[in-house]
Amino acid sequence: MYFTDRGIEELASRRGDDEVTIDWLAEQFRTFVDLNPEFEIPIERLATWLARLDDDED
């Protein structure tokens, strides 16, 4: 188990029944980066990965 799994598990247990939009998630990413600019690159990579999930693998 990775250390980050704790945060993911907390997210699932606290917000697992919530329905959110991609716009809402994007706004939360922006707010997080505004408050924590040192995480800009990991958040950008996560957002890009999520955006491209359905892309065909070449």
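The values are calculated or read from the model by the stated rules, or taken from the named source; none is laboratory data. What you see is a predicted model; the values in this text were computed from it and never measured. Cβ atoms come from the backbone with ideal geometry, glycine included; neighbour counts cover every protein chain shown. In case anyone asks, the SASA skips ligands and DNA or RNA and just uses the protein heavy atoms, side chains included. Shrake-Rupley method; radii C 1.70, N 1.55, O 1.52, S 1.80 Å.
Observations
- Theoretical FRET efficiency, 1/(1+(r/R0)^6), r = Cβ-Cβ of Trp49 and Thr4, R0 22 Å, to 0.05: 0.95
- Accessible area (Å², per residue) of the chain, counting only protein heavy atoms and a probe of 1.4 Å: 101 Å²
- Extension gain for Glu57 to Asp17 (0.36 nm times residue separation, less C-alpha to C-alpha distance): 11.3 nm.
- Here the accessible area of the chain is 53 percent carbon and sulfur, with a 1.4 angstrom probe and all protein chains present.
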